[in-house]
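In what follows, a structure is listed as C-alpha cells, so that the remarks can point back to it.
The values are calculated or read from the model by the stated rules, or taken from the named source; none is laboratory data. Since the structure is predicted, the reported quantities are computational estimates derived from the model, not experimental observations. Heads up, the Cβs are rebuilt from the backbone with ideal geometry, glycines too, and the neighbour counts pull from every protein chain shown. Each accessible area value is taken on the protein alone, full model and side chains, heavy atoms only, with ligands, DNA and RNA left out. Shrake-Rupley method; radii C 1.70, N 1.55, O 1.52, S 1.80 Å.
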Amino acid sequence: MSKAISAAPPRKTPMALTEALVARTSRAVEDAGPTPGMVYMTDQDYARFRDEIMASAPVGPLKLFAYGSLLWKPAGEVRGGEHAVARGWHRSFCFTVQRFRGTLDQPGLMMALDRGGQCQGMVFEIAEPVAANLEALLRREMTILPAVNVPRWLRVSTEGGPCLALGFVVDSANPRYAGKLDKQAVAATLARAVGHWGSGAEYLFETIRHLDACGIRDRNLWQLQELVAQEIGRTHVR
C-alpha cells in the first residue's frame, strides 16, 4: 500500500479559521441570476457531456474522484469511498466566479484541480441510475460554456490498485482561469467574496473540515486558512 494513500492521523492543532470567524463573512446575498455576457449550458449540452463520459468510461462502476466540495455535496448519489491519489494535479483556488460564491462587484474564487504536484482525495462509485446521477453532478459542476471546470478521466492510485476516475480539472485556456495566485491574494478574496451559496471562507472551512474527517491533510489549504483567518480579523471587525 502506498504511503501517500494512507490516512493521516487526526489533526490535533485546531484551525485558526473558526466557525465564528466564518460567520463574520456571512450575509444575505440575493441570486442575481445568469451573469450578463455568459453562455449558459442547455439540457442538450448536459446530455452531450453525460453521453460522452459514459461512452468513454472504463468497464465497471463509474468512479468519481472527490477532492473538495464533492466530499459533502456530491449532487448525484454516490456509494463507497476509498482514499486515492491523483498525481500530476493539485487543489488550487484558480478560477473566478461572479455568482454562487461571489458577485459582479466582488468576484470570488473557486477550487479545481490544476497541473502539478499531487492531490489526495476520495474515490466513490456513482450509484444507479448512473446516467441520472452523473447528469446531476455535471449540472452542479458546470454552468457556463466554454466550461472552466471540465470533466476528465484521471488515473488515480488507491489501496486496491490504480484505476480511472472522473475528476474536474481547470481549463487553463479559459478566460476565467486566474492562474497561480499568491496565497495572500487568494486569502483576501476568500475573506471578502460572498454569493447566494455562501462565502469563500465558508467553502475553505468546510473543505478542510471534510478532508480532515477523511484523514486527508493538505498543507497548502492549511496555510491558506491561517491567512484567511487573519484577513477576516482585519476586515470584519465586530
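Got at least one residue in the stretch 94-117 being free of Cβ contacts under 8 Å to residues at least 60 places away in the same chain and among the aliphatic types (A, V, I, L, M)?
yes
What tally of residues in the stretch 9-63 results from selecting those that are under 30 Å from Ala213 (Cα atoms) and not aliphatic (A, V, I, L, M)?
16
Between a first residue in the stretch 155-173 that is among the acidic types (Asp, Glu) and a second residue that is crowded, with 16+ Cβ neighbours inside 10 Å and not in a strand (DSSP E or B), which pairs have beta carbons less than 6 Å apart while being 6 or more apart in sequence or on different chains?
As it stands, the answer is Glu159/Ile5; Asp171/Val148, since those pairs meet every condition given.
Can you say whether Leu109 is open to solvent by less than 30 Å² (accessible area, probe 1.4 Å), touching a Gly at 6+ places or on another chain (Cβ under 7 Å) and part of a strand (DSSP E or B), as far as the supplied structure shows?
yes
Restricting to the stretch 17-30, count the residues that are in contact (Cβ under 8 Å) with a residue 60 or more places away in the chain and open to solvent by less than 60 Å² (accessible area, probe 1.4 Å).
6
Please state which one of Gly76, Gly80, Gly60, Gly33 is farther than 30 Å from Gly160 by Cβ and either exposed (fewer than 13 other Cβ atoms within 10 Å of the Cβ) or touching a residue at least 24 places away in the same chain (Cβ under 8 Å) (or both).
Criteria check complete, one pass: Gly33.
For the stretch 40-56, enumerate the residues that are open to solvent by less than 70 Å² (accessible area, probe 1.4 Å) and out of contact with any strand residue (DSSP E or B) (no Cβ under 8 Å at 6 or more places or on another chain).
Listed by number, the residues that qualify are Thr42, Tyr46, Ala47, Arg50.
Return the total of residues in the stretch 34-65 being touching a Phe, Trp or Tyr at 6+ places or on another chain (Cβ under 6 Å) and part of a strand (DSSP E or B).
1
Would you check which residues across the stretch 95-106 are part of a strand (DSSP E or B) and either among the aliphatic types (A, V, I, L, M) or surrounded by fewer than 20 Cβ atoms within 10 Å (Cβ to Cβ) (or both) and list them?
Selection gives Thr96, Val97.
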